[in-house]
Amino acid sequence: MNYYEVNCFSCKKDFKVYEGTNAYKRFKINRKSKYCCDDCSHKIRLEAIKNFFK
């Protein structure tokens, strides 16, 4: 199975993006963009939802 190792812009850790996922497709199209891991993505989403209801 093919994968890329991508650096998370939030926590600065490397994570793997596996072939067949949307993140893999986005990474192949634009490698210079910023990406975040699943944990950070979940945290960012929860913060956005919390702030939306304030």
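The values are calculated or read from the model by the stated rules, or taken from the named source; none is laboratory data. Treat the numbers as computed from the prediction; the structure is a model and nothing was measured. FYI the Cβ positions are ideal-geometry reconstructions off the backbone, even for glycines, and counts take in every protein chain you see. Quick note on the areas: whole protein, heavy atoms, side chains included, nothing else; ligands and nucleic acids left out. Shrake-Rupley method; radii C 1.70, N 1.55, O 1.52, S 1.80 Å.
A few comments on the model shown:
- Every condition in (1) of a type outside the set (A, V, I, L, M, F, W, C); (2) in a loop (DSSP other than H, G, I, E, B); (3) in contact with an Asp or Glu (Cβ under 7 Å, 6 or more places away or on another chain) holds for E5 except the one numbered (2).
- Hits in the stretch 18-30 (condition: surrounded by 11 or more Cβ atoms within 10 Å (Cβ to Cβ), part of a helix (DSSP H, G or I) and more than 9 Å from the chain's Cα centre (by Cα)): Y24, K25, R26, F27, K28
- The stretch 1-16 residues that are on the phi < 0 side of the Ramachandran plot, paired with ones that are part of a strand (DSSP E or B) and polar (S, T, N, Q) (beta carbon under 9 Å, 6 or more apart): K13/N7; D14/N7; F15/N7
- Residue-level check: of (1) exposed (fewer than 14 other Cβ atoms within 10 Å of the Cβ); (2) part of a helix (DSSP H, G or I), S33 misses just (2).
- Residue, least open to solvent (accessible area, probe 1.4 Å), within the stretch 36-48, restricted to residues that are hydrophobic (A, V, I, L, M, F, W, C) and not in a loop (DSSP other than H, G, I, E, B): C40
- Pick from the stretch 8-17, criterion part of a strand (DSSP E or B) and surrounded by 14 or more Cβ atoms within 10 Å (Cβ to Cβ), ranking: nearest to the chain's Cα centre (by Cα): C8
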